[in-house]
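First the structure, in the form of structure tokens, and then the observations on it.
No value in this document is a laboratory result; all are computed from the given coordinates. Keep in mind the model is a prediction, meaning the values are calculated, not measured. Counting neighbours? That spans all protein chains shown, and the Cβs are built from the backbone with ideal geometry, glycine included.
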Amino acid sequence: MLKKILGLFLICVLHIVPAYAELKVDIIAGGVKPTSVAVQKFELSGDVNAKDAAMMRDVVENDLKRTGLFRIVNRNAFPEYVKMGKMPNFKSWAAIKTQVLVQAKLFKEPDDMYRLEFYVWDVDGTEQIEAQSLVASRKSARRLAHIMADAIYERLTGEIGYFDTQIVFIAETGPVHNREKRMAIMDQDGYGLRYLSDKDDYVMSPHFSPNMQSIVFLSYYDDDPMVWMLNLDTGEQRRLGQFDGMTYAPRFSPDGTRVALSLVKKGISHIYEYDIEAKKLRQLTFGNSLNTSPSYSPDGKKLAFNSDRSGRQQIHVLDLETGTENRITYGAGRYATPAWSPDGQFIAFTKIADDTFYVGIMNPRGRNEKILAGGWFMEAPSWAPGSRRLVYYETEKAIDGIERISHIRSVDITGQNVYDIELPEGVNGVEPTWSPKLP
């Protein structure tokens, strides 16, 4: 099982010079012109592996480019090379329509450590707007680059970055009629995929704890479908309580002390809340309808879920303090798999209408519905930190007996800039969940 090796020991801010002519990227409007960013070749100090520095530069550029908010300036067009500590020739950079210039220097430290320093310049404002120093083990060089990209993104957009994150999902391999399902984890850009379960374990629905120490998931261990918990530090797995019935669809509460899940008794599925420390189970929904897919609001006071109590699968919101329930979707079709955004402004959902699956977002009252993607089969939207992007999976329809292929895809809240997260050949990805920012 996985033993997390973060290797990050220090993050410190050198200095930040305030920008008086504030450079700000509009992250809400669709179709905005990308901000042009030039990332210089990293300077090297000491016995630094040049390949590490080149890789880190590529990672920073790719992270920013995939947002759709930034255009990476062609390296061959650079008018000069500006060493750290020197002022750029702003007119030269403006002449090639560069708006942001990034400098970086990588130092080799004792005990196989790297120190990364970088500066961010507002070319039009002719001033430095960010400067940081990061220290980590050499084996965490790629993660240093993600953290650097997060800092640039956050400075330019004012929003939380999501590059230093991971995605857990179910990796499927083999023919459709005999697929192996293994829980897997990877960086948000698809790098470093590794398996968390054996091929003989049939697992589903993995979700991170808020502190990234655990994952809850459904396991069919010994043909007994129950919710389990995996400790990411030790690899230890344990069953989450002993319940009289099948449990599935687990989600952590925002403080990590509770898990909401569905429990089937006598053919009826209701949502319960399990207190991890007290080992107590509390029933939250009642009646004779199917209730599942719970998702906590960021403050932990409400729970979105889907239910067929109205005769058709719709999304409801339960107030955990008062017990009041409200149906929030009334559109044509069926609604499922609600997912509350980290900032509380949206609920993502899956919608099934006219033989088509859709992924969309709406506000917590069920209004201002917006469809982001549609296809033959898609499901399981999950939010990135900052509530700017979602990840979901889409399965292509089989034609003439050809194997069905499932992709993990990401889309932003404007419905634009959709991209696939590349998986190894022969691996299909389903049920992805985006992690919080790594500790």
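Highest GNM mean-square fluctuation among H177, H407, H316, for the chain modelled with Cα contacts below 10 Å: H177.
Taking every lysine pair in segment 166-434 that is 8 or more places apart or spans two chains, those with Cα atoms closer than 23 Å amount to 14. Cut-off under 19 Å on the C-alpha distance; same-chain residues fewer than 8 positions from K41 excluded. Which aspartates and glutamates are left, in chain and number order? Within the straight-line limit of under 19 Å, K41 reaches these aspartates and glutamates: D52, D58, E61, D63, E80, E117, D122, E130, D150. With an a/c value of 1.5 or above and a/b larger than b/c for the gyration tensor axes a ≥ b ≥ c computed over the alpha-carbon atoms, the chain is described as prolate. Each residue of segment 244-253 was assigned a 3J(HN,Hα) from its phi angle through the Karplus curve 6.51 cos²θ - 1.76 cosθ + 1.60 (θ = phi - 60°); the sequence is 8, x, 6, 10, 7, 6, x, 9, 6, 6 Hz, with glycine and proline shown as x. The alpha carbon gyration tensor of segment 156-275 gives principal lengths a ≥ b ≥ c with a/c of 1.5 or higher and a/b no greater than b/c, which makes the shape oblate. Highest GNM mean-square fluctuation among S269, S341, S92, for the chain modelled with Cα contacts below 10 Å: S92. Taking each DSSP H run with n ≥ 4 as -39500 (n - 2.57) and averaging over every residue of the chain yields -3000 deg cm²/dmol at 222 nm. Against the main long axis of the alpha-carbon atoms of the chain, helix 50-66 sits at an angle near 60°.
Other residues whose C-beta falls under 11 angstrom from the C-beta of I347 contribute a net charge of +2, scoring Lys and Arg +1 and Asp and Glu -1.
Once you've got the GNM for the chain with C-alpha springs shorter than 10 Å, pick whichever of I170, I152, I268 has the biggest mean-square fluctuation. In the Gaussian network model the winner is I268.
Counting only alpha carbon atoms, the long axis of helix 141-157 and the longest principal axis of the chain meet at about 90°.
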